[in-house]
Structures are given as C-alpha cells and as structure tokens.
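All remarks here apply to the structure that follows.
The values are calculated or read from the model by the stated rules, or taken from the named source; none is laboratory data. All values reported here derive from a predicted model rather than from experimental measurement. No Cβ is skipped: glycine too gets one built from the backbone with ideal geometry, and neighbour counts run over all protein chains shown.
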Amino acid sequence: MSIPLIDLSKLIHESDVVRQNEIKALDKACREIGFFYLTNTGIPTELMAKLMQEAKRFFAQPQDKKNAIDITHCQNHRGYGNIGEEQLDEVGHADWKETFDMALDLPSTHPLAVKYPTMYGPNQNPSDPKTVEVLQDYYVEAFQVAQKLLTAMAQALSLDDDFFTRCFTDHVTVLRMIHYPPRPANDHDNGAGAHTDYGCVTLLLQDQTGGLQVKNRNGEWVDATPIENALVVNIGDLMQRWTNDDYVSTAHRVRASLPDVHRYSFPFFVEPDYETEVSCVASCATKDKPAKYAPILSGDWIQSRFDATYAYREEESREEES
C-alpha cells in the first residue's frame, strides 16, 4: 500500500476536467485507504514554521508552568496533557507524549457551553500571547483547508456542495500540539498506540522525524513518511458512519522517538456541531447495502470516545452514573 497524494489546488480548480479528476482520486483514496497526503494547501509555510517553534518553546517550559493549565482541571477538555494521560490503544500501554488542546473559545456563559459544558467553553491558553496568536492563526488556516476538503468529499459522494460544511457553525474541531519525548531505554515503543480517530477527518502537520504508521488491509504497518509542507489526512470514525463504511477509518499509530530525538506533530481534528445528526447519506445506501448504523448526534459519539480514551474522563463518567 502506498499513500496517495491529493492536490488541494486541483480539488478547487476552475477547470472541470482537472477538478473532477482530482475528486475521483480523492474518492478512491477515501474508499480504499482512508489516508492521503494533501499538498498545495495554501497554509503559509512561515506559519507552519512558527507553529513548530512555538510548540518547542511551550513544551520546554518548566513542568509547573505547563501544569498550571492541566487538561484534567478543565471541564471541556482544553489545555495541557501530561505524559501517560492518554491511552489510545485500550489493550496497550499509555501513550508516551505530552499534548496541548484548543478549540473554539466560547465564554462559559454561552448557551452551548451551558448546555454541553464538556464540549464547549473557554480555552486554557498558554501564558505567552505569541504562542496563543500563532495557534489561533493556524487554527483559522487549517479550518479553511478542512472546509475545501469537505466540499470536495461532498461532491465525490454526489451530495450538495455544503452537505458537510453546513454542519460547522458551532463545531468542536480541535487543534492539538503533540511532543513525543525520547523514550527511556528498555521501555515499550508506543508513542501513540494503535487507534482510529473519532471525527470526520484529521489534518496532520508533522515534523520530518517520522514515526507515523498506517495499518494496511493485510495487517501490516506502513510508514507515512513525512513530506515537507504536506498534510497527512485520514478519515475518522464519524465520516465512516456517515458514509456507511464506504469511506474507511484506518488504524494508525506512532512509534516512540529514538534516543535523544524529539518529535512534534499537530493534528487538526475536524468535528462538526454537537447537535449534527449523523445518519447514512443517501448515496451510500442501497437495497443490497442498507444503512448499518443508527443515527447519532455527533457530540454524543465524540463524548463517548473521549470517555473511553482519557482516564480522568472515564472516572468522571462513572461518578455521574453512580
């Protein structure tokens, strides 16, 4: 299995022939692999470099400064996550990484934050305004890329152009910074355990270190070798449900960094409004292949996956049920 390259500039090209050919290639990648490189995204390379620089500065801070915005103290899951806080592979080890999460910054009094306090609300921001500014700038740029990509996916599925994008008014899309420190000697080799992503699609910016691997249909792990200035895109579980398994959410993992090597990556988890009803799209159901999944609210699905992944969320969920 080789991971294909999709050119975003061709997906929005003024030539019908160029655009349709690239949309067909996109559709093929989503159906057969669920992963592809996205080139010519329009995100300024200078902004990518700044994001990398700010991540290194943020994670190099003293631990107490990072702990001041600890994600476990934030009801809506924003802020800093320490090493071992997340376990993506439910039968494996905790992940060897530290993280920072941000999303739409809404006041705690916002109606959505009041109604869904575990998904909406204010960010816990880094103390350095420069870091916050770069994060916000990249969030805006990546979201524009996501909107163009989702439009092309809708076209590939013979849907209205805005079928997906109209579900992103008050979305819960998350930008994450990840630092994979060098792994201690004789420890296990998971940076991030094998998993699929929760949402619609994920746009990943990664450094040139490597380590991301994708599981092919033969059960073999294939390296997603970094391509400079390209994003790695993968289909998430929610999009697989939406398309009745036509688009595939593929397992992937990150191998631990080598001794003295630090890895940085920036996944942008594209997730729609909480109250988006996700049910099988018309073009993906037939008499011979009826809808496999019951309709579900996007936010309910993502919430359930959060609770299964993060120890502190699972404990809170159990306490609420008792």
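Here is how the numbers come out for the structure above:
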quantity: Answer residue from segment 116-125, given it is more than 17 Å from Phe59 (Cα to Cα) and without any contact (Cβ under 8 Å) to a residue 60 or more places away in the chain and is surrounded by the most Cβ atoms within 10 Å (Cβ to Cβ) among those; calculated: Gly121
quantity: Residue check for Asp128: touching a residue at least 40 places away in the same chain (Cβ under 8 Å) and either buried (at least 21 other Cβ atoms within 10 Å of the Cβ) or over 30 Å from His13 (Cα atoms) (or both); calculated: yes
quantity: When residues of segment 12-26 are limited to those that are within 26 Å of the chain's Cα centre (by Cα) and of a type in the set (Val, Ile, Thr), the one farthest from Ala156 (Cα to Cα); calculated: Ile12
quantity: Output for segment 135-156, where each listed residue is more than 17 Å from the chain's Cα centre (by Cα), hydrophobic (A, V, I, L, M, F, W, C) and surrounded by fewer than 21 Cβ atoms within 10 Å (Cβ to Cβ); calculated: Ala154
quantity: Positions within segment 236-257 being of a type outside the set (Lys, Arg) and in contact with a His (Cβ under 8 Å, 6 or more places away or on another chain), in sequence order; calculated: Ala251, His252, Ala256
quantity: Boolean, Gly84 is in contact (Cβ under 8 Å) with a residue 60 or more places away in the chain, at positive phi and out of contact with any helix residue (DSSP H, G or I) (no Cβ under 6 Å at 6 or more places or on another chain); calculated: no
quantity: Single residue of Leu231, Leu238 found to be buried (at least 19 other Cβ atoms within 10 Å of the Cβ) and closer than 24 Å to Lys56 by Cβ; calculated: Leu231
quantity: Scope segment 259-294; condition in contact with a Gly (Cβ under 7 Å, 6 or more places away or on another chain), surrounded by 17 or more Cβ atoms within 10 Å (Cβ to Cβ) and either β-branched (Val, Ile, Thr) or outside any strand (DSSP E or B) (or both); matching residues; calculated: Val270, Glu271, Tyr274
quantity: Unmet requirement for Leu5, which otherwise passes all of (1) closer than 26 Å to Arg253 by Cα; (2) within 18 Å of the chain's Cα centre (by Cα); calculated: (2)
quantity: Yes/no for Leu159 being under 30 Å from Lys24 (Cα atoms), hydrophobic (A, V, I, L, M, F, W, C) and surrounded by fewer than 19 Cβ atoms within 10 Å (Cβ to Cβ); calculated: yes
quantity: Matching residues in segment 246-299 - criterion: being basic (Lys, Arg) and more than 21 Å from the chain's Cα centre (by Cα); calculated: Lys287, Lys289, Lys292
quantity: Residue that is farthest from Asn21 (Cα to Cα), among those in segment 137-179 that are of a type outside the set (Val, Ile, Thr) and without any contact (Cβ under 8 Å) to a residue 12 or more places away in the chain; calculated: Arg166
quantity: Residue check, Glu90 farther than 17 Å from Glu275 by Cα, at pLDDT below 95, touching a helix residue (DSSP H, G or I) at 6+ places or on another chain (Cβ under 9 Å) and surrounded by fewer than 18 Cβ atoms within 10 Å (Cβ to Cβ); calculated: yes
